[in-house]
Amino acid sequence: MVPEVVDSPAVDGGVLQTVRAKLPEFTGALQRVAEQVVADPAGAARATIVELAERSGTSPATITRFCRALGFEGYAELRLGIAEETGRARAAGWSVDIGREIQPDDPLGRVLGQIMAADTKAMQDTAALLDLREVERAADAIARAARVAIFGASGSALVGEEMQFSLHRIGVPAWAWTDLHNGLAAAALLFRGDVALGISHSGQTRETIEMLAESGGRGATTVALTSFPRSPLAELADIVLLTASQATTFRPDALSARHPQLVVLDLLYIAVAQRTYDRAHAAFQRTAHAVDGHKQRPTP
């Protein structure tokens, strides 16, 4: 069913906010367009109608229907609305074009501004996109789990190792796996009540999908951390945690997604610590004491 056309352009209340609010109402092709816009708003602002149709697996006619469902007469108005919303970052007192390409002769001050603006916007978008009920479900499962297996490749592997370290410090038995064979073996040994967390920005990394699928087949609760809710990884997971990203020059989406991923996992880690407070507090104190003797003392 095609959503009704609203009376006024969505830009009056924020294009992305409106798209997120209406996302549950969209189905089929319109839903795919909405998810693409939310996942990469800066890219949508730069894309032609044909490019956005290709990225979302739809058609230019669907993009036009999507624009009208949001109250825009055409795609040009939608692009302008998204560009106005994503093009400037003011939260920290700077004004930088997020979509602007970083040039070889740009001073580091401007480069720093570009990075900070893009990361700030990505984390703000992630906070708006994230379903806190899903975070709570994941935290409940991890707090009860006998063991947690974390799967990821490349940059996602680094994020997974950070989560494993955090959980380990509060006494949660967690392991991070990046090699497919080792990961599949670990997944095969999971049982009902265990948790498997798969991390992939695109949600299309085959190795991570295979390891999470094997975990689910053994009865473990599966959690996906991704930017694409209709990706293969998300579709096979019991719980989906969504992130957004803002690509910049030399940092494509997969790299720019790292900080939002860490923010979501940090939130999940703290939620687990809250649920296991006594155990977590005791474990953290013991691990801190164990390494305390190896810290350099200040010179009197």
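Per residue, how much space in cubic angstrom lies within the convex hull of the C-alpha atoms of the chain?
170 Å³
Please report the orientation-averaged projected area of the range 10-86, defined via the convex hull of its C-alpha atoms, in nm².
For the range 10-86, the mean projected area of the Cα convex hull comes to 4.1 nm².
What relative contact order, as a whole-number percentage, does the chain give when Cα pairs under 8 Å and 6 or more residues apart are counted? If you can, show how the numbers build up before the last one.
Numbers: 514 pairs, mean separation 51.0, N = 300.
Averaging sequence separation for qualifying contacts and normalising by length gives 17 percent for the chain.
Only bridges with both residues in the range 132-290 count here: give the DSSP antiparallel percent, nearest 5.
Of the beta bridges lying entirely in the range 132-290, close to 5 percent run antiparallel.
Show me, for the range 262-277, the HN-Hα J-couplings you get by feeding each phi into the Karplus relation (A = 6.51, B = -1.76, C = 1.60, θ = phi - 60°), rounded to Hz, glycine and proline as x.
5, 5, 5, 5, 5, 4, 5, 4, 5, 4, 5, 4, 4, 7, 10, 3
Using modelled amide H (1.01 Å from N, peptide plane; none on Pro or chain starts), what sits under 5 Å from the amide H of Ala224, excluding residues fewer than 5 places away?
Counting only residues 5 or more places away or on other chains, the set is Gly198, Ile239, Val240, Leu241.
When the helix-only estimate is applied to the chain (DSSP H runs of n ≥ 4, each -39,500 (n - 2.57), divided by the residue count), what is the mean residue ellipticity at 222 nm, nearest 500 deg cm²/dmol?
That calculation yields -17500 deg cm²/dmol at 222 nm.
Sort the range 153-300 into rounded, prolate or oblate with this rule: let a ≥ b ≥ c be the square roots of the eigenvalues of the Cα gyration tensor; rounded if a/c is under 1.5, and if a/c is not under 1.5, prolate when a/b is larger than b/c, oblate otherwise.
Oblate, because a/c is 1.5 or more while a/b does not exceed b/c.
With +1 assigned to the C-beta of every Lys and Arg and -1 to the C-beta of every Asp and Glu, and no other charges, what is the dipole magnitude of the chain about the Cα centre in debye, to the nearest 20? Write down the numbers at each step before the final one.
Numbers: 29 positive and 35 negative charges, 160 e Å.
So the dipole magnitude of the chain works out to roughly 760 debye.
Could you tell me what percent of the DSSP beta bridges with both partners in the chain are antiparallel, to the nearest 5?
10 percent
Read-outs: derived from the displayed coordinates by stated rules, not from any lab. Since the structure is predicted, the reported quantities are computational estimates derived from the model, not experimental observations. Positions of Cβ are generated from backbone atoms using ideal geometry, with glycine treated the same way; all protein chains shown enter the neighbour counts.
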